[in-house]
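Scroll down for the structure; my scribbles are underneath it.
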Amino acid sequence: MRDVLVGGSGKLFSATEKYAPRLFDRMKEATGIEGQYTDIPALDDDTLHAPRPNDGRVHGGYPGHVMQSSLYTKASLNRGKTLLGLAVIGAGMALASRGRGGNGR
């Protein structure tokens with residue numbers, strides 16, 4: 001797989017950009033610029049060409065809630081298992097409705 005959209009919000013972002021470009025533009029005009037700024041001052045050192053010494057962090061310092069995993073991303077990366085699971089659920093629902101007397105008697 002070449003491109004991986006991370007999370008359901010990533011998929012929503014991409015779909016809005018593709019199928020409703022004017023809505024996407026308005027959304028970005030309203031929220032895009034302010035979302036790029038913070039009151040936290042930047043660090044003095046330059047990390048363009050090399051990482052900060054002794055900084056082996058994997059995650060950033062965002063103070064809000066951060067999801068550790070995404071059900072959407074797991075499902076999109078494992079399409080075979082996802083389709084098999086949906087088929088099993090569908091078959092189970094069909095059998096359950098049949099067992100309840102779905103023929104009108």
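The values are calculated or read from the model by the stated rules, or taken from the named source; none is laboratory data. Given the structure is predicted, the values throughout are model-derived calculations rather than measurements. Ideal geometry is used to build each Cβ from the backbone, glycine not excepted, and the neighbour counts take in all protein chains shown.
List the residue pairs whose Cβ atoms are under 9 Å apart, where the first residue sits in region 68-92 and is more than 16 Å from residue 9 (Cα to Cα), the second is surrounded by 11 or more Cβ atoms within 10 Å (Cβ to Cβ) and among the hydroxyl-bearing types (Ser, Thr, Tyr), and the two are 6 or more positions apart or on different chains.
So the pair list comes out as 82/76.
Quick check on residue 88: is it out of contact with any Asp or Glu (no Cβ under 9 Å at 6 or more places or on another chain) and at pLDDT 90 or above?
It is true that residue 88 is out of contact with any Asp or Glu (no Cβ under 9 Å at 6 or more places or on another chain) and at pLDDT 90 or above.
Which one is nearest to residue 11 (Cα to Cα) among residues in region 49-67 that are within 25 Å of the chain's Cα centre (by Cα) and aliphatic (A, V, I, L, M)?
For region 49-67, the residue satisfying everything is 67.
For region 72-84, which residues satisfy the criterion of being in a helix (DSSP H, G or I) and surrounded by 11 or more Cβ atoms within 10 Å (Cβ to Cβ)?
Result: 72, 73, 74, 75, 76, 77, 81, 82, 83, 84.
Looking at this structure, is residue 69 loosely packed, with under 10 Cβ neighbours inside 10 Å, at pLDDT below 90 and polar (S, T, N, Q)?
yes
Name the single residue, out of those in region 3-39 being over 16 Å from the mean Cα position of the chain (by Cα) and not in a helix (DSSP H, G or I), that is farthest from residue 80 (Cα to Cα).
39
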